[in-house]
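This report concerns only the one structure given below.
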Amino acid sequence: MVGTGVLAVPVIASSSAYVAAQTFKFREGLNETTRRAPEFTRDCRGHGDRVVMDLLRIDPIKALFWSAVLNGVASVPLIA
């Protein structure tokens, strides 16, 4: 179960990056270079986010849950 959650982290990070890219209308795609899609690449990385989460003692599993909830909420208007 924990392994599945760990495997889901990059998927949720990239899906959140796609949501942000479509919402704010900037270039997107995993095949784009950092120069062509800097916002998307920055959103996918998240290395700094993990350091901040560790320093703030945020539980990564709870963060994973709430990011999935936010993705679910954000997907409704995007689909409509």
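The values are calculated or read from the model by the stated rules, or taken from the named source; none is laboratory data. Just so it is clear, the model here is predicted, and its values are computed rather than measured. Because the Cβ atoms are built from the backbone with ideal geometry, glycine has one as well, and the counts that use them run over all protein chains shown. The accessibility values were calculated without ligands, DNA or RNA, using every heavy atom of the protein model including side chains. Shrake-Rupley method; radii C 1.70, N 1.55, O 1.52, S 1.80 Å.
If you go through segment 11-39 one residue at a time, how many are open to solvent by less than 70 Å² (accessible area, probe 1.4 Å), of a type in the set (D, E, K, R) and assigned to a loop (DSSP other than H, G, I, E, B)?
The qualifying residues number 2.
Residues V9, V52, V76: which one is touching a Pro at 6+ places or on another chain (Cβ under 9 Å) and either β-branched (V, I, T) or modelled with pLDDT of 80 or more (or both)?
None of the other options fit; the residue is V9.
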